[in-house]
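The structure under discussion appears below in the form of structure tokens.
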Amino acid sequence: MLIVACDRISAYDHVLRPGIPGKGRILNQMSNFWFERLGDVVPNHILATDVSDYPAELASYREQLEGRSVLVRKAEVIPFECVARGYLAGSGYKEYVRDGTVCGIRLEEGLERASRLAEPIFTPATKEETGHDENVTFERMAADLGEELSDRLRSLTLELYRRGLAHAETQGLLLADTEFEFGRVDDRVVLIDEVLTPDSSRYWEASQWRPGEEPVSVDKQYVRNWVDSSGWDHESPPPELPQEVVDGTLRPYLEAFRRITGREPEL
């Protein structure tokens, strides 16, 4: 199967316009960096990343595909987002303030926004065809998938998160949380989709991290913040992104790529 990463960006399950030029190439190449780096933890679905290695009938589309596509094994998708959290943020923080838990996991008292957790936690979510994905307990996941597979996914998710966190920290970034997708190919669990990108992860500037404060993010939070301040109701068609917001959104994607990979993306 051919996967092509486009430049569209979404917020609150709505596609925003215009797209962010180069975003698809950045995410695709960053995922490929991580797929290669994490291959010793779990196999993945990648067959080829260079258009020269694609089937001959795709050669005429080289310009469109270069740098923003991969050829993969088609997998049976496991219908759960596998989320690892090492810091208290996003929907997890909101639940903690309300109930003292994150996806049913009780945490210690007295934590603040952006607090580092004593140990990373696994918090799965259902993959919904329409509407928002729903955070669920591990027990709910195990009831659907079985204990053995669920234990395997939890173990892989936490190991991948720890590896990503350790590398990010060497580059002055904190990996607050991230989500992985897995599938099955010939009864093997494989890592699929995108990995540890600014779209699927929450990256913060380590030097400016302070528990209790909104962290400086190096991910898609910039555009989320603009959307939140625009007065949009999250239901009607979203407002068009001004050029300065398009430019401001691209900057953290480029920054994350440079810091994580140590090179420039091929745009």
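Output the residue which, of all residues in the stretch 11-58 that are of a type in the set (Phe, Trp, Tyr) and modelled with pLDDT of 95 or more, is farthest from GLU244 (Cα to Cα). Ranking the candidates gives TYR54 first. Scanning the stretch 116-155 for residues that are assigned to a helix (DSSP H, G or I), buried (at least 18 other Cβ atoms within 10 Å of the Cβ) and not basic (Lys, Arg) yields a total of 4.
Listed residues ARG85, ARG98, ARG68, ARG62; which is closer than 22 Å to GLU159 by Cβ and not hydrophobic (A, V, I, L, M, F, W, C)? Of the residues listed, the single one that is closer than 22 Å to GLU159 by Cβ and not hydrophobic (A, V, I, L, M, F, W, C) is ARG85. Considering only the stretch 245-266, I want to know if a residue exists there that is of a type outside the set (A, V, I, L, M, F, W, C) and farther than 30 Å from GLU169 by Cβ. Checked against the condition, which is being of a type outside the set (A, V, I, L, M, F, W, C) and farther than 30 Å from GLU169 by Cβ, the stretch 245-266 yields no hits at all.
The values are calculated or read from the model by the stated rules, or taken from the named source; none is laboratory data. The model shown is predicted, which means the values in this text are computed figures rather than measured ones. Methodologically, a virtual Cβ is constructed for each residue, glycine included, from the backbone with ideal geometry; neighbour enumeration extends over all protein chains shown.
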